[in-house]
Amino acid sequence: MRFLCIAFILLFVSCKEEKVRLHEDFVFSTGGDIKIKSFKFINDTVFVASEYPKSENVYYFLLNDEQKNKINVFLDSINKRSYKSEYIQEGLRDAGSYQFEFLNKKGTIYVYGFHYDYEIEELKYIGKLAGFICRLDESHRFIINNETYYPDEKLYWNRDVNFGNIKRFIIPDIPYDTIH
């Protein structure tokens, strides 16, 4: 009986609460208005770069368990469906766009024009995840005297973070001679 009691206590003490992890590593990039912003989600860390690859700085912040759980709900909903590689809203010029690059599945979904709050059934969960990420970014931001600050973000010591293929967000430089 004593052995059983000790075994039960050891089993109870050795059980640790399982840490919440993202079900999928992915890159989310958005652009088309003023600047390109990319987010790379790996486990509980989000790497952030504005104007990548031009920018010299990469920042990061940590997700809490509630945020990871919300993202996992979106990822589970997305993984249950099949998507085309791109969705382009016809007849628009200079519209915003966003892209998901799912690293484990090696899949990319690019959306041009359809705002993340825009309701079309096929993009419902993709749009909701994009909106959640944009609101998450805004929640880390403070604006004081027209200056934007991100107090929760820390400067990452290396620029080795790969933000995936963002070529379609980069506007090529136009030579001065062609403007005339």
Practice task
Note down the nm distance, to one decimal, between modelled labels 7 Å out along Cα→Cβ at residue 106 and at residue 25.
Solution key: 1.5 nm
Completion exercise
Of the listed pairs 68/124; 35/68; 68/128; 35/80, those with alpha carbons more than 22 Å apart are 35/68; 35/80
Problem - Phi to ³J(HN,Hα) by Karplus 6.51 cos²θ - 1.76 cosθ + 1.60 over the range 60-74, Hz, x for Gly, Pro - result: 8, 8, 9, 8, 8, 4, 5, 5, 5, 5, 5, 4, 4, 4, 4
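Computed from the coordinates by the stated procedures, all read-outs in this text should not be read as laboratory data. None of the values given here were measured: they were computed from a predicted structure. Neighbour counts run over all protein chains shown; Cβ positions are idealised from the backbone, glycine included.
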